[in-house]
Amino acid sequence: MTKKIRNSKRAHLEARKRRVARSVALSGRPRLTVYRSAKHIYAQLVEPYTGRTLATASTRSKALGGGSTGNVEAARKVGQAIAAVAREKQIEDVVFNRNGFLYHGRVKALAEAAREAGLRF
């Protein structure tokens, strides 16, 4: 049973999140899950069967350096970083879980940068 959400924007986000999660769960490949906040963007690789996190990258990590964190360029850096970590772990094929966020702006930039860096999804 789902909880009634009074905020319509939040309800739409939760509905998209459930819909995306259903289709992603059917695949046996690791998930590339994205979360974005107003200031930062986070990406993680999650093992499909145990739910264990294999790798993470975010604008909060020291490896990506300083600068602005809430823009498209920062999202591209995170996409390249998560793809590099995936290559180190011999992961090439993933399923992209946009986590209910629209495929636009920072989420799209992260996905395209990860594809250019060698991930297939």
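Here, each number is a calculation from the coordinates, and none is a lab measurement. This is a predicted model, so every value here is computed, not measured. Cβ atoms come from the backbone with ideal geometry, glycine included; neighbour counts cover every protein chain shown.
I want the antiparallel fraction of DSSP beta bridges within the chain, as a percent rounded to 5.
Of those bridges, close to 75 percent are antiparallel.
Report, in debye and to the nearest 20, how large the dipole of the chain comes out about its Cα centre when Lys and Arg carry +1 and Asp and Glu carry -1 on their Cβ.
It comes to approximately 760 debye.
When the chain is fully extended, how far beyond the present Cα-Cα distance does residue 4 get from residue 16, taking 0.36 nm per residue of separation?
2.8 nm
How much net charge surrounds residue 113 when only other residues with a Cβ under 9 Å from its Cβ are counted (Lys, Arg +1; Asp, Glu -1)?
Neighbour charge sum, excluding residue 113 itself: +1.
Return the distance in nm (one decimal) between the two label points of a simple spin-label model at residue 108 and residue 23, each offset 7 Å from Cα along Cα→Cβ.
1.6 nm
For the chain, modelled as a Gaussian network with Cα springs under 10 Å, which listed residue fluctuates most, 111, 11, 21?
11
Can you run phi through the Karplus equation (6.51, -1.76, 1.60; θ = phi - 60°) for the stretch 96-107 and list ³J(HN,Hα) in whole Hz, with x for Gly and Pro?
Karplus-based 3J(HN,Hα) across the stretch 96-107 equals 8, 10, 7, 6, x, 7, 5, 7, 6, x, 5, 5 Hz.
Springs between alpha-carbon pairs under 10 angstrom, Gaussian network model over the chain: which of 17, 39, 62 fluctuates most?
Largest GNM mean-square fluctuation: 62.
What 222 nm value per residue comes from the helices of the chain, counting each DSSP H run with n ≥ 4 as -39,500 (n - 2.57) and dividing by all residues, nearest 500 deg cm²/dmol?
Mean residue ellipticity at 222 nm (helix-derived): -12500 deg cm²/dmol.
Using a Gaussian network for the chain with springs between C-alpha atoms less than 10 Å apart, which of these wobbles most: 91, 82, 41?
Highest fluctuation among the options: 91.
As I understand it, the dipole of the stretch 8-116 uses +1 on the Cβ of Lys and Arg and -1 on the Cβ of Asp and Glu, about the Cα centre. Which of 46, 35, 86 lies farthest toward its positive end?
Highest projection toward the positive end goes to 35.
Excluding residue 45 itself, calculate the net charge of residues whose Cβ lies under 15 Å from the Cβ of residue 45, where each Lys or Arg counts +1 and each Asp or Glu counts -1.
+4
Give the calculated FRET efficiency between residue 115 and residue 90 to the nearest 0.05, with a Förster radius of 22 Å applied to their Cβ-Cβ distance.
0.80
When the gyration tensor of the chain is built from Cα positions, what are the square roots of 5 times its three eigenvalues, in whole Å, from largest to smallest?
23, 19, 11
Could you tell me which chymotrypsin sites (Phe, Trp or Tyr not before Pro) in the stretch 20-69 are loop residues by DSSP with no more than 12 other beta carbons within 10 angstrom of their beta carbon?
Of the chymotrypsin sites (Phe, Trp or Tyr not before Pro), the ones in loops of the stretch 20-69 whose Cβ has at most 12 other Cβ atoms within 10 Å are 49.
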